[in-house]
Each structure stands twice: as C-alpha cells, then as structure tokens.
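The block underneath contains the structure these notes are about, expressed in structure tokens.
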Amino acid sequence: MAYLLDGNNLIGKVLGVSRPSAADRQALVAEIADRLRRTRARATIYFDGPAGEGAVSLGALTVRGSGSEGADAAIVRAVAQARAPGEMTVVTADRELSRRVRDAGGKVCAPGDFFQRFGKAGEAEAPAPGRVDVEEWMEWFGEEKNRGK
C-alpha cells in the first residue's frame with residue numbers, strides 16, 4: 001500500500017499553520033520520515049509549489065513539489081495513473097480532495113488515523129496487543145515450579 005500525503009493540509013492540521021514556511025515543511029518531512037523508518041510503508045508527500053528540483057527521496061519517504069498544477073491535482077493524477085488505484089491511500093482532511101481521490105479509485109485516510117498508525121517519531125514500535133507466544137507459555141508451565149498445585 002502506497003501513501004500519498006497532502007503536505008500543506010497536514011501542516012495545517014498538525015501545526016495549525018495556514019501558510020507554511022520552509023521550516024514547517026522540513027519539520028513535517030523529518031517527522032514523517034522518522035515514523036516510516038521503522039516500517040515497510042512507503043509514502044510520497046506533495047507540497048503546493050516547488051519543493052526543490054524534482055523528487056527528493058528520503059528512504060521510505062519521497063518529497064514532491066506540485067509545480068503550477070497544485071498538490072491536489074498532482075495527487076489525484078498519481079492515483080488515477082497508478083496500476084492499482086485501490087492500493088493508493090491519500091492522507092488528507094480536505095473533503096474535496098477526498099472526493100476526487102475516491103472518484104479516481106483511491107482510498108482516503110484521515111491525518112489523525114495515519115499518525116496513530118505510525119506512532120510517535122522516535123518511538124519504538126509496541127508489541128501487538130493480545131499476542132501470545134505459545135511456545136514460551138508451554139515452556140513456562142512445563143517447569144514444575146510454575147504449575148501451582
């Protein structure tokens with residue numbers, strides 16, 4: 001599953017900034033790159049306007065500027081041109097962009113859900129809740145002292 005991130009929208013939701021600075025963009029990129037580093041997920045973050053020359057790859061995260069067309073149009077085009085649009089998930093809180101992505105066959109994820117899924121930056125991934133290691137359990141109860149009589 002590939003994630004396409006609406007960068008300016010995420011900055012607005014996370015930082016409460018309507019006109020993001022280069023420092024705001026850089027902080028968001030660093031945060032997301034750190035969150036993705038511990039996973040196999042791949043994401044592309046789109047910003048309105050130029051974001052440097054071409055795409056910049058930071059391992060699991062690629063940063064793209066949208067040029068004159070705007071990030072929303074670039075994201076919708078990427079979903080529409082994908083081999084499997086249904087495997088593309090766009091992270092945004094923008095209702096109009098969400099509608100356009102769904103019309104192109106993609107999925108939409110709210111920013112809060114995305115950040116919750118990938119944890120906090122620098123945080124070790126927590127073990128899955130309710131997971132039981134049966135072999136460890138059998139070994140522990142196999143010892144006479146742990147059987148409780």
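Taking neighbour counts of Cβ atoms within 10 Å as a proxy for exposure, in what order, fewest first, do 72, 34 appear?
34, 72
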Q. How large is log10 I(q)/I(0) at q = 0.19, 0.21, 0.24 Å⁻¹ when the Debye formula is applied to the Cα atoms of region 1-58, each weighted equally and without solvent?
A. -0.69, -0.84, -1.07
Q | Label point distance in nm, residue 95-residue 116, each placed 7 Å from Cα along Cα→Cβ | A | 2.1
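Mind checking the full-extension length gain between residue 26 and residue 145? Use 0.36 nm per residue of separation minus the Cα-Cα distance, one decimal, nm. Don't jump to the answer; show the numbers that get you there.
Working: separation 119, 0.36 × 119 = 42.84 nm, distance 5.63 nm.
That works out to 37.2 nm of additional length.
When ranked by the protection proxy of mean other Cβ atoms within 10 Å per residue, highest first, what sequence do the peptides 99-108, 19-28 form? All intermediate terms of the calculation are to be shown ahead of the outcome.
Values: 99-108: 17.7, 19-28: 13.9.
Highest to lowest by the protection proxy: 99-108, 19-28.
Only the coordinates and a few stated rules stand behind these numbers; no lab work does. As the structure is a computational prediction, the values presented were derived from the model and not from experiment. Note that each Cβ is placed from the backbone with ideal geometry, even for glycine, and that neighbours are counted across all protein chains shown.
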